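Below is one structure; the comments refer to it alone.
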Amino acid sequence: MAGIASKLRDWLRTMLNIRQRRELPRRGPKPSIGARICCDDLRMTVQAGMSNELWIWLQARGWREITYKPDRRRYREISTEWARQLIDCPPEQREAVLAQAIEHATARHAADKHVTSTVTGKAGSPRGRQG
């Protein structure tokens, strides 16, 4: 019953737009490869080759590592290709590359997760199927 009340309260707060924005977390060390970083409604995965200088530059623009789980927020995802371009570009072109990456960011929803799993039964056939 508490779960239903919590979901109803969450829905009501969203509908009435009475959410409180979280403060920007403190700056931290460069995240490891594969970690997710975010800024407002944008999210990107840390790729190999991200320098400490680039991380400091991103932090100055509000990017922080996502450290809370489960993260239920809805983000626009910056693709791996754009993250790679940001890493590879010279420092004087970072603003332009990041602006283009943001333009091409795509919304990710739960329906976009093409998660398919099959539980197998005896003889390797999917459970529940007769045949």
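The values are calculated or read from the model by the stated rules, or taken from the named source; none is laboratory data. Small disclaimer: the values here were computed from a predicted structure and weren't measured. For accessibility, only protein heavy atoms count, side chains too; no ligands or nucleic acids. Shrake-Rupley method; radii C 1.70, N 1.55, O 1.52, S 1.80 Å.
Screening the candidates ALA35, ALA5 for the property of being of a type in the set (Gly, Ala, Ser) and under 19 Å from the mean Cα position of the chain (by Cα) yields one hit, ALA35.
Within the stretch 27-44, how many residues are open to solvent by less than 60 Å² (accessible area, probe 1.4 Å) and farther than 15 Å from TYR68 by Cα?
Total meeting the criteria: 3.
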